[in-house]
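**Q** Input: one structure, supplied below.
Just so it is clear, none of the values below were taken in a lab; they were calculated from the coordinates. Every value quoted in this text rests on a predicted model; they were computed, and no experiment measured them. Here the Cβ positions follow ideal geometry from the backbone for every residue, glycine too, while neighbour counts run over all protein chains shown.
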């Protein structure tokens, strides 16, 4: 009989957890819809095929497993297409598994012509790994940026040619930002945390400022 009580309690806790998670996500979706309206964006449940295909090929979407995206806010002009969305993926398995969530800004623009590169916050272990040969592209003229961020990419020469004329110190004004760039696309997000719906405007403004910095 005690076993039955234990099993019933476990099932009850699981059902409550599922309900609370579903309730929280529903409330977040509603809040993101309000954020979309305040920004003049369109809220949509899904993206068109070209946008889905591009995102599926990014490094961010290749991380871990269980990649999911939702709560799309979108606005397009003749020059630029901006999508803001929630994303998550899981690494590890069993008790060691961990789910990372972030709110991402995707910018596609005819004004961008970027080599493939990734910018992420630099930590102590990165500095140690760099001493052992791990790639980190630094710029002597941008000391704050080089100290705060890890810059990597398959073609260092192209990256240097493109970014040496960009005031990368301005990116250092946004500690914790991560950037993935290739061709006419940019992805920007902050670590493993989703932005509060009320902070989406600030995230968009940050992303757009960096876009202006990097465009031709």
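**Q** Which condition does residue 201 not pass, out of (1) outside any helix (DSSP H, G or I); (2) out of contact with any strand residue (DSSP E or B) (no Cβ under 9 Å at 6 or more places or on another chain); (3) closer than 27 Å to residue 76 by Cα, if it passes all the others?
**A** (1)
**Q** Same structure, new question: Any idea how many residues of the range 45-89 are more than 15 Å from residue 103 (Cα to Cα) and in a strand (DSSP E or B)?
**A** Number of matching residues: 6.
**Q** Do we find that residue 175 is under 23 Å from residue 55 (Cβ atoms) and either over 17 Å from the mean Cα position of the chain (by Cα) or assigned to a loop (DSSP other than H, G, I, E, B) (or both) in this structure?
**A** no
**Q** Can you tell me which residue in the range 95-122 is nearest to residue 84 (Cα to Cα), limited to those that are under 18 Å from the mean Cα position of the chain (by Cα) and without any contact (Cβ under 8 Å) to a residue 40 or more places away in the chain?
**A** Filtering the range 95-122 for residues that are under 18 Å from the mean Cα position of the chain (by Cα) and without any contact (Cβ under 8 Å) to a residue 40 or more places away in the chain, the one nearest to residue 84 (Cα to Cα) comes out as 99.
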